[in-house]
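Worksheet: the structure to be examined is printed underneath.
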Amino acid sequence: MSLGRLYVFYTLAWWEGAVVQQQRLFFALWPSTHLQQQWAEMARTLLFATEGRLVPSSNLHLTLAFLGNVSAEQRDCAEAVASDLRMCRFSLLMEQVGYWHRSHVVWLGARRTPVRLRSLAQQLSAGLVRCGFEVEKRDYKAHMTLMRKVFHGPERAVFDPIEWDVDRFVLVESQLTPRGAHYRIVGEWFLV
C-alpha cells in the first residue's frame, strides 16, 4: 500500500454555537474491481462516439440512496436501518446505455429493475425517512454513471450485457478533492 496524503473534508455545521462534523454519505451497490474494469473499458469505447469525462473505474457504483451531509447521530440511525434489512441476493443485467441531456451524463443500467433491487431501495428509503432523511420520491431507476460532461450522447452503443450477481450493499463516504470525488466504503451489509 502506498503512503500518501489523505484528504478528508468535513462539512462544518453550526448549531446552537456548537461545531458538528459531518460526512457526505450514500448507500450503493458496489461492483467488484473486475466488473468496474469491464464497464470502464466499455465506457472508453463510447468515448470514440462522443466527448466527455470518464468516471474512474474505482468510482463506478449504483446509488441506492443519497444521504448528503450527515452527523454522527444521523449516520448511526442510517446504519441501524441497513442492519435491520434482511434482503435476498439478486442478479442485475446491465444491458442498456443511455444519455440524460439535462445532467449531461452517459449511464449504464438495466432495462428492468429486479423486484429484489426495487424492494431493497424502497425499504432502505422508508427506514431513512424514519431517521429524518429526505429521500427521492420518484421511481427507482437502476443506473450507473459512466461519463460526465457529455453534451451529445452516443448514437449507438454496442456491447455485451454483463450480469452482476449482487450480494451486498455498502455505505460510502464521498470526499470532495480538487481532483474530483474520492469514494471510501465505510459500512457493508451482505444479502442472504
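Of the strands (runs of 3 or more DSSP E) lying entirely inside the range 153-192, those carrying at least 1 residues that are crowded, with 17+ Cβ neighbours inside 10 Å and of a type in the set (Val, Ile, Thr) are 162-166, 168-177.
Rundown of residues vs (1) among the charged types (D, E, K, R); (2) touching a residue at least 60 places away in the same chain (Cβ under 8 Å); (3) within 28 Å of Ala72 (Cβ to Cβ), yes/no style:
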| residue | (1), (2), (3) |
| --- | --- |
| Arg111 | yes, no, no |
| Gln122 | no, no, yes |
| Leu128 | no, yes, yes |
| Leu146 | no, yes, no |
| Pro161 | no, yes, no |
| Asp165 | yes, yes, no |
| Thr177 | no, yes, yes |
| Ile185 | no, yes, yes |
| Trp189 | no, yes, yes |
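Of all residues in the range 53-91, those satisfying the criterion of being within 15 Å of the chain's Cα centre (by Cα) and either under 23 Å from Asp139 (Cβ atoms) or among the basic types (Lys, Arg) (or both) are Leu60, His61, Leu62, Thr63, Leu64, Ala65, Phe66, Leu67, Gly68.
A count restricted to the range 142-152 and to residues that are part of a loop (DSSP other than H, G, I, E, B) and farther than 23 Å from Gly68 by Cβ stands at 3. With respect to (1) closer than 22 Å to Tyr140 by Cβ; (2) assigned to a loop (DSSP other than H, G, I, E, B), the lone exception for Thr50 is condition (1).
Note on the range 112-127: residues that are under 26 Å from Ser58 (Cβ atoms) and either among the hydrophobic types (A, V, I, L, M, F, W, C) or in a strand (DSSP E or B) (or both) total 4.
The number of residues in the range 41-89 being in contact with a strand residue (DSSP E or B) (Cβ under 8 Å, 6 or more places away or on another chain), over 16 Å from Trp107 (Cβ atoms) and basic (Lys, Arg) comes to 2.
Where a number appears in this text, it was derived from the coordinates with a stated rule and is not lab data. Because the structure is predicted, anything quoted here is derived from the model rather than measured. Here Cβ is always computed from backbone atoms with ideal geometry, including for glycine, and neighbour counts include all displayed protein chains.
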